[in-house]
Amino acid sequence: MRSLRILRIAFPFALIAFFVGCTSYTIVTIPPRVDLQKFNTVGVITFDAGKERGLAKKCTQRFIEDMQGGQPGVLVLELGTRAELLSAVGKTTLDTDALKAIAAAKSVTGILFAQLDVAQPQTEVGLKNLSLSSVNVKKTVKASLVVKLWLGENGALAWSDSARGEWTLARASLSSVRVADPDDKYNQMVEDLAWAVTRDFRPTKERRAVEK
């Protein structure tokens, strides 16, 4: 009876081991959702980000690095600011006609532009109970990045994406004070947002079962 009971317990585990042993796994590379290789050259307009901390150029450069890192070999032409381009083609807004004119003037097949919006830092005071010892003060900043890619030949929207987040600049309580370097934190913000919105340009890995 005891041996039979042991057999009943061991049999399911043996069965599982048998099927697991018959299955191996492989790592498959999934191509990027957006293939930039179909564009001969992608023209990048300097992102709009106001004048604060030089974020416009920093975000543009970081985006280009992440985009080409995901798809090496993609040709990129930095076109300058939106105001400069519109003035050069005699337009006032970045509409379909302006996009086609810019593409023709700069010989690009795709035009990419983004808007970085950074809110004013906010201070939040938290109180867990009525004791002053539980007071916590946090200073944060929120930001969002919206990116669009148009076809140069007709100004049609080929792709768009966005990302947003919140970053802590300082945190304090009666027992401790932690203040981040503002430039470092804003640079981190730019890196995080650029990495997030370039996800469609990167290949991914997937683990798949392969039956023997």
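The values are calculated or read from the model by the stated rules, or taken from the named source; none is laboratory data. What you see is a predicted model; the values in this text were computed from it and never measured. Glycine gets a Cβ as well: all are built from the backbone with ideal geometry, and neighbour counts include every protein chain shown.
Key figures
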{"read-out": "Residue match in the stretch 181-192 (condition: modelled with pLDDT of 95 or more, among the basic types (K, R) and surrounded by 13 or more Cβ atoms within 10 Å (Cβ to Cβ))", "value": "no"}
{"read-out": "First in the stretch 88-99 and of a type in the set (F, W, Y), second anywhere and at pLDDT 95 or above and surrounded by 14 or more Cβ atoms within 10 Å (Cβ to Cβ), Cβ under 6 Å, 6 or more apart", "value": "none"}
{"read-out": "Counted residues, the stretch 57-75 - those being within 14 Å of A114 (Cβ to Cβ), touching a Ser or Thr at 6+ places or on another chain (Cβ under 7 Å) and not basic (K, R)", "value": "4"}
{"read-out": "Selection count, the stretch 34-56, where residues are among the polar types (S, T, N, Q), exposed (fewer than 15 other Cβ atoms within 10 Å of the Cβ) and assigned to a loop (DSSP other than H, G, I, E, B)", "value": "1"}
{"read-out": "Failed item in (1) surrounded by 12 or more Cβ atoms within 10 Å (Cβ to Cβ); (2) at pLDDT below 85; (3) of a type in the set (D, E, K, R), with R178 passing the rest", "value": "(1)"}
{"read-out": "Some residue of the stretch 168-175 being at pLDDT below 80, farther than 17 Å from C59 by Cβ and of a type in the set (S, T, N, Q)", "value": "yes"}
{"read-out": "Whichever residue in the stretch 57-68 is in contact with a strand residue (DSSP E or B) (Cβ under 9 Å, 6 or more places away or on another chain) and farther than 13 Å from L79 by Cα and, among such residues, is surrounded by the most Cβ atoms within 10 Å (Cβ to Cβ)", "value": "C59"}
{"read-out": "Contacts under 6 angstrom Cβ, first residue in the stretch 118-145 being among the polar types (S, T, N, Q), partner outside any loop (DSSP other than H, G, I, E, B) and modelled with pLDDT of 90 or more, 6 or more apart", "value": "T140/E166; S144/D117; S144/R164"}
{"read-out": "Residue match in the stretch 17-25 (condition: among the small types (G, A, S), at positive phi and either modelled with pLDDT under 85 or surrounded by fewer than 10 Cβ atoms within 10 Å (Cβ to Cβ) (or both))", "value": "no"}
{"read-out": "Those residues of the stretch 60-94 which are assigned to a helix (DSSP H, G or I), over 20 Å from the mean Cα position of the chain (by Cα) and not hydrophobic (A, V, I, L, M, F, W, C), in sequence order", "value": "R82, E84, S87"}
